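Below: one structure, written as structure tokens.
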Amino acid sequence: MAAHALLVDLGRCIGCQACVVACKAGNELQEGEANIRIREVVRGKFPNLSGSFVHHRCFHCADAGCVSVCPTGALSKLDGLTAVDAAKCSGCGYCVDACPYGVPKMVDGRVSKCTACLDVVATGGVPYCVQTCPSEAIKFGSREAMLGLAAQRVAEIRGQFPNAQIYGETQLGGLGTLMVLPDDPETLGLPAAPQVPALVNAWQKGIQPLTQGFTALGLITTGLAFLFARRNHRLETAARREAEAVAEKEARDGDVH
Ligand code: SF4
Ligand code: SF4
Ligand code: SF4
């Protein structure tokens, strides 16, 4: 089947949160669990300010780091989207570290993120968020059609927003959540060139192939390898932060004398 995609048009979103509520209700999420988070970003300098509502949600990356590291198959790619089978999730949390957007969360020891409402889509429907949006800011369909719509919208709003652009056409192999942005990604808090963490690449290229064919042993080995890599990464980060704090203190002390 052709790849599907969601299209979120930030030029239309009014921040009403109806999609957030519809997603929670339709997918029976727990209290505090959310697949969409919306924040307002104000750009420019006074008095020339403009605001946009930016969505934080799964981008359904073609090169999905979360899928690459999941040892149980709880995360997988289906028709361009990143599907979730929470029943298969072991709660290891590797996907949390592997996502360049910080999307997956652990809820009651299982992965939680946007499922693209694939159960609804399988019966010919569209995701709950799409059904609910009062300003038609979210669309769903073939990725090709969504790219066409996005290009049309960008052309429409360029007069008002000269930096308007499509987000997700090429990032991470092409995203399954495309966005129409009124401005450059960085001004909206989105990475222009997101990268799959180096740890994931090392895991895929170095360790995973060695363990193929030895399922049980492989799972243990890859799990341990990833844990060590993650621990090293955290230690390095802590050491860097400590060095920065010392440098800052020395700079402050220098200012005092
Ligand atoms: S945004 Fe994160 S959770 Fe979603 S597909 Fe990409 S890597 Fe996976
Ligand atoms: S596609 Fe479905 S699961 Fe994803 S944000 Fe929309 S309603 Fe929620
Ligand atoms: S329902 Fe539509 S307008 Fe309201 S916050 Fe969601 S995307 Fe924006």
Query - segment 1-106, dipole about Cα centre (Lys/Arg Cβ +1, Asp/Glu Cβ -1), debye to the nearest 20 - result: 360
Report task. Would you tally the net charge around LEU178, using a Cβ to Cβ cut-off of less than 13 Å, leaving LEU178 out, and scoring K and R as +1, D and E as -1? Result -> +1
Query - Around ALA62: net Lys/Arg minus Asp/Glu count, Cβ-Cβ under 12 Å - result: -1
Query raised in the report: Taking the alpha-carbon centroid of each part, what is the distance from segment 86-124 to segment 45-82 in angstrom?
Result: 11
**Report entry** Cα→Cβ-extended label distance, 7 Å offset, between SER50 and LYS88, nm
**Finding:** 4.3
Report task. Go through VAL130, VAL69 and list them by solvent-accessible area, largest first, probe radius 1.4 Å. Result -> VAL130, VAL69
Query - Charge dipole of segment 1-156 about the Cα centre (unit charges at C-beta), most positive-ward option of GLY51, VAL126, LEU149 - result: GLY51
Query - Extension gain (nm, one decimal) between ALA193 and ARG43, 0.36 nm per residue minus Cα-Cα - result: 52.0 nm
**Report entry** Net charge contributed by nearby residues that have their C-beta within less than 12 Å of VAL130 (K/R +1, D/E -1)
**Finding:** -1
Query raised in the report: Residues with amide H under 5 Å of HIS4's amide H, sequence separation 5 or more or different chain, H placed in the peptide plane at 1.01 Å from N; which?
Result: GLY80, LEU81, ARG143
Report summary line: Non-local residues with an amide H under 5 Å from the amide H of VAL111, with H modelled 1.01 Å from N and Pro and chain starts lacking one, are GLY91
Query raised in the report: Considering only DSSP states other than H, G, I, E and B, which GluC sites (Glu not before Pro) in segment 5-111 qualify as loop sites with at most 11 other Cβ atoms within 10 Å?
Result: GLU28, GLU31
Requested in this report: Could you run the Karplus curve 6.51 cos²θ - 1.76 cosθ + 1.60 with θ = phi - 60° over segment 116-125 and give me ³J(HN,Hα) per residue in whole Hz, x for Gly and Pro?
Outcome: 6, 6, 4, 5, 5, 4, 4, 9, x, x
Requested in this report: Report, in cubic angstrom per residue, the convex hull volume of the C-alpha atoms of segment 4-188.
Outcome: 118
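The values are calculated or read from the model by the stated rules, or taken from the named source; none is laboratory data. Since we're looking at a predicted model, the values are computed, not measured. Glycine also receives a Cβ, built like all others from the backbone with ideal geometry; neighbour counts cover every protein chain displayed. Just the protein is used for accessible areas: all its heavy atoms, side chains included, with ligands, DNA and RNA removed. Shrake-Rupley method; radii C 1.70, N 1.55, O 1.52, S 1.80 Å.
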